[in-house]
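I have placed the structure first, in the form of structure tokens, so that the comments after it can refer back to it.
The values are calculated or read from the model by the stated rules, or taken from the named source; none is laboratory data. In this text the structure is predicted, and so the values were computed from the model without any measurement. Here the Cβ positions follow ideal geometry from the backbone for every residue, glycine too, while neighbour counts run over all protein chains shown.
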Amino acid sequence: MKQQGYTVGGMLDDDIVGADSAAGAPHRVRLFSGNGEIDDADSLSRELARAVEEIDGRGAIRMIFRVDRYGRGGDHYPFYKAGLPAVRFTEPLEDYHHQHQTPRTENGIEYGDFEKYLNFTFMGDVARDNAEALRQLALAPAPPANARLTGAVTPDAKVSWSAEDDAERVGFEILWRETTDPRWQVYDFAASPGETVLKDVSTDNHFF
């Protein structure tokens with residue numbers, strides 16, 4: 001895709017999103033992003049997952065900080081390994097009587113992924129999350145470039161960046177969070193690119 005000149009804003013992999021939740025599992029879709037590698041805390045995939053979670057909230061989306069289910073993989077994995085933003089939507093807890101099974105009946109148990117086991121309301125919710133994520137990606141301006149953080153041996157953080165002119169862009173959000181928190185906690189607004197000084201915001205104690 002890179003050789004063909006495409007810009008990939010995000011890859012959304014919907015794989016096993018149709019069934020009712022297994023007993024005891026809260027019915028919210030799991031969103032896999034990253035594999036716990038050293039740069040995953042702020043990888044493009046992790047940022048995409050945070051953005052999707054903001055669309056529908058924690059009550060509907062459960063972020064999982066793995067690239068996929070343990071020991072398994074999906075269609076998003078090659079995109080992730082190529083450094084592109086890629087996430088996987090998967091239902092809360094797979095029911096192995098129905099997924100990954102050849103249709104059959106054994107010992108009175110029906111195996112197979114039949115339509116009667118689908119939850120169309122849940123599938124619709126996941127589809128709407130996808131549609132809104134794609135809408136926001138399509139309408140978003142180009143990301144800033146040359147982002148830089150300075151402020152060592154000072155009490156203030158200095159953030160600088162550049163960006164192409166865009167008449168539709170209102171400004172920029174500068175986000176930061178405690179190093180132990182997975183979600184952005186605080187933001188400041190800047191109307192134009194350049195350098196912003198965040199007074200009394202320690203570069204030691206936060207990610208930006």
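When Gly108, Gly112, Gly73 are screened for being within 23 Å of the chain's Cα centre (by Cα) and outside the structural domain of Pro182 (by TED's automatic domain parsing), only Gly73 passes. Screening the candidates Leu139, Leu175 for the property of being surrounded by 13 or more Cβ atoms within 10 Å (Cβ to Cβ) and either within 24 Å of Leu31 (Cα to Cα) or in contact with a strand residue (DSSP E or B) (Cβ under 6 Å, 6 or more places away or on another chain) (or both) yields one hit, Leu175. Only one of the listed residues (Asp95, Asp68) is of a type in the set (Asp, Glu), part of a loop (DSSP other than H, G, I, E, B) and free of Cβ contacts under 8 Å to residues at least 60 places away in the same chain. That residue is Asp68. Within the stretch 45-95, being surrounded by fewer than 19 Cβ atoms within 10 Å (Cβ to Cβ), touching a Phe, Trp or Tyr at 6+ places or on another chain (Cβ under 7 Å) and of a type in the set (Asp, Glu) holds for no residue.
Give the residue that is nearest to Leu48 (Cα to Cα), with candidates limited to residues of the stretch 161-191 that are hydrophobic (A, V, I, L, M, F, W, C) and in a loop (DSSP other than H, G, I, E, B). If we take residues in the stretch 161-191 being hydrophobic (A, V, I, L, M, F, W, C) and in a loop (DSSP other than H, G, I, E, B), then Trp184 is nearest to Leu48 (Cα to Cα).
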